[in-house]
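Below is the structure I would like to discuss, written out as structure tokens.
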Amino acid sequence: MARVVSLFRHPIKGFTPESVDSLTVQPDGRIAGDRVLAFRFADATDPEHRDGLDHWPKAKGLSLQDFPGLAALRTDYDDARQRVRIEHAGALLVEAGLDDAGRVELADAVTEFVLASAEGRRLGRPGRLPLVLVGDGVTSRFQDRARGYVSVHSRGSVDALSDALGFSIDDRRFRSNVVIDDVAPWSELDWTGELSIGQVSFRTAGPIVRCLATHANPDTGARDAKVLKTLTQSFDQDEPTLGRLLLPPQDEADGSAEWLGGTISVGDEVRAR
């Protein structure tokens, strides 16, 4: 039986994932505390709109796709105190709250770090500085897709990719919320219809097409694995794909009974229908 083996949330878009024992799935289908903050470029502090929803394209803020060195930072977000702590190489880089002064302090420290990195020249392009820390620290809104999803992949797929690369890679590269085990590699790509994790039901949405963020080592930030090329060439994929997106089990507009989400935990059984 497939089971959950790891759970992650990512409080700050593009920064350190937090490994947790359980996650709360909200009634909107997003994970509580996931992508509640983001460092955006100066000319992109307001959302775009897609399908009637706010959309925050990752190319217009700090993300691992363009700034892989961010993976070397270690972040901690205290929800209750709304306070962010960021370390680098075991030393404190910055710690501040989400008041106006704190946001400026956090943005300034991260800006200095990025400018000194190998990707620093990208931050100097017109319209990008000063960085702005956006988000209320509560509302999950900075997912790559405007709709917002729960993301899942299987450890079997990552192990198969590791074998093809010739060295072991970490689940954290893929920044999924849920990692499952005891299923065949790539089987998550074949799911259709409804799926349950513990007592929480979902419907399967599209597969996850990957980007250059997966090339970044989650500890050092070095681009040390050619994930995209390996997925397409070694596994004959049209697009580099690993993992699946999940949504609430019914469309909000179809008149179905209200779906309230729930809690998923490490060890929960996963049943595809």
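The values are calculated or read from the model by the stated rules, or taken from the named source; none is laboratory data. Quick caveat, the model's predicted, so the values are computed rather than measured. Cβ sites come from the backbone with ideal geometry, for glycine too, and all protein chains shown count toward neighbours. These accessible areas exclude ligands, DNA and RNA; they are computed on the full protein's heavy atoms, side chains included. Shrake-Rupley method; radii C 1.70, N 1.55, O 1.52, S 1.80 Å.
Which residues, taken from region 175-191, are crowded, with 19+ Cβ neighbours inside 10 Å and either out of contact with any helix residue (DSSP H, G or I) (no Cβ under 6 Å at 6 or more places or on another chain) or of a type in the set (Lys, Arg) (or both)?
Residues satisfying the conditions are 175, 176, 177, 178, 180, 188, 191.
I'm checking my understanding of the structure. Among residues of region 90-102 that are open to solvent by 50 Å² or more (accessible area, probe 1.4 Å) and not in a strand (DSSP E or B), which one is nearest to residue 136 (Cα to Cα)?
Here the residue is 99.
Cβ-Cβ below 8 Å, separation at least six or inter-chain, first residue in region 212-224 and touching a residue at least 12 places away in the same chain (Cβ under 8 Å) and within 15 Å of residue 15 (Cβ to Cβ), second outside any loop (DSSP other than H, G, I, E, B) and open to solvent by 30 Å² or more (accessible area, probe 1.4 Å): which pairs?
From region 212-224, the pairs are 216/223; 217/223; 218/172.
Something else about it: Can you go through 135, 124 and tell me which one is of a type in the set (Gly, Ala, Ser), in contact with a Leu (Cβ under 6 Å, 6 or more places away or on another chain) and either over 22 Å from residue 22 (Cα atoms) or open to solvent by less than 60 Å² (accessible area, probe 1.4 Å) (or both)?
Within the list 135, 124, the selection yields 135.
Which residues, counting only those in region 135-186, are closer than 19 Å to residue 8 by Cα and of a type in the set (A, V, I, L, M)?
Of everything in region 135-186, those that are closer than 19 Å to residue 8 by Cα and of a type in the set (A, V, I, L, M) turn out to be 138, 150, 152, 158, 169, 178, 179, 180.
Can you confirm whether region 145-162 contains a residue that is touching a Ser or Thr at 6+ places or on another chain (Cβ under 7 Å), assigned to a loop (DSSP other than H, G, I, E, B), closer than 23 Å to residue 221 by Cβ and open to solvent by less than 20 Å² (accessible area, probe 1.4 Å)?
no
So which strands (runs of 3 or more DSSP E) are wholly in region 1-89 and hold at least 2 residues that are open to solvent by less than 50 Å² (accessible area, probe 1.4 Å)?
Result: 3-9, 18-20, 22-25, 38-40, 73-78, 83-88.
Residues are listed down the side, and each one gets a yes or a no for (1) in the same structural domain as residue 226 (by the TED database); (2) farther than 30 Å from residue 42 by Cβ:
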{"site": "139", "(1), (2)": "no, no"}
{"site": "143", "(1), (2)": "no, no"}
{"site": "154", "(1), (2)": "yes, yes"}
{"site": "158", "(1), (2)": "yes, yes"}
{"site": "166", "(1), (2)": "yes, yes"}
{"site": "173", "(1), (2)": "yes, no"}
{"site": "179", "(1), (2)": "yes, yes"}
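(1) in a helix (DSSP H, G or I); (2) among the β-branched types (Val, Ile, Thr); (3) closer than 30 Å to residue 89 by Cβ: which one isn't true of residue 232, the others all being true?
Against the list (1) in a helix (DSSP H, G or I); (2) among the β-branched types (Val, Ile, Thr); (3) closer than 30 Å to residue 89 by Cβ, residue 232 comes up short only on (3).
Mind telling me which of the residues 172, 203 ends up being under 20 Å from residue 21 (Cβ atoms), among the basic types (Lys, Arg) and outside any loop (DSSP other than H, G, I, E, B)?
Details: 203 fails: under 20 Å from residue 21 (Cβ atoms).
Just a single option satisfies the conditions, and that option is 172.
Can you tell me how many residues within region 109-121 are surrounded by 14 or more Cβ atoms within 10 Å (Cβ to Cβ) and of a type outside the set (Val, Ile, Thr)?
Adding up the residues that qualify gives 6.
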